[in-house]
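Read-outs throughout are calculated quantities, based only on the coordinates presented, and are distinct from any laboratory measurement. Keep in mind that what you see is a predicted model, and the values were worked out from it rather than measured. So basically every Cβ, Gly included, is an ideal-geometry build from the backbone, and we count neighbours across all protein chains shown.
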């Protein structure tokens, strides 16, 4: 029984760590534009807080008709955001100081939940075996939310006792030629 528990714990830790790649700390960027596409978007996101060296490798399909691009917006806490549900998506209603524009669709937001430490070091491995549960930052897929309240909960999980910034990933429609 113990070996099954150990196996499940190892498998869970491995699955959790696969999406995150430790990286080097980079300067704070408020807004990043990732190339336009009608095909799959692939990009890296520096995970909060700003002192973290974790990166998330993203690969997402566009949801908007026509050409669009991905825009990464970062806000220091506290932050303001004017988005609301519209046609099954969470849409920006007002241009923001971080770079979001009216009509942008919120695709992902940083959110915090309890979990095992991630990383590839000896300390994180030992903490995983010891049950070192702590707050972990993840990216919440807004399009998979079953209710608006889930999106609000994810956005409001970014509090100053856990992080110093929030990351928002938008899909922006491009003007038709």
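Here the peptides 58-64, 42-48, 89-95 are ranked by packing, the mean other Cβ count within 10 Å, and the order with the highest first is 42-48, 89-95, 58-64. Exposure proxy for 139, 168, 174: other Cβ atoms within 10 Å of each Cβ, ordered fewest to most, give 174, 139, 168. Among 70, 159, sorting on how many other beta-carbon atoms sit within 10 Å of each Cβ, with the fewest leading, yields 159, 70.
Calculated FRET efficiency, residue 43 and residue 135, Cβ-Cβ r, R0 30 Å, to nearest 0.05? FRET efficiency, residue 43 to residue 135: 0.75. In plain terms, the residue of 108, 140, 170 with the fewest other Cβ atoms within 10 Å comes first and the most crowded comes last, giving 140, 108, 170. Each principal axis of the Cα atoms in region 37-82 has its own extent, and those three values, largest first, are 35, 27, 10 angstrom.
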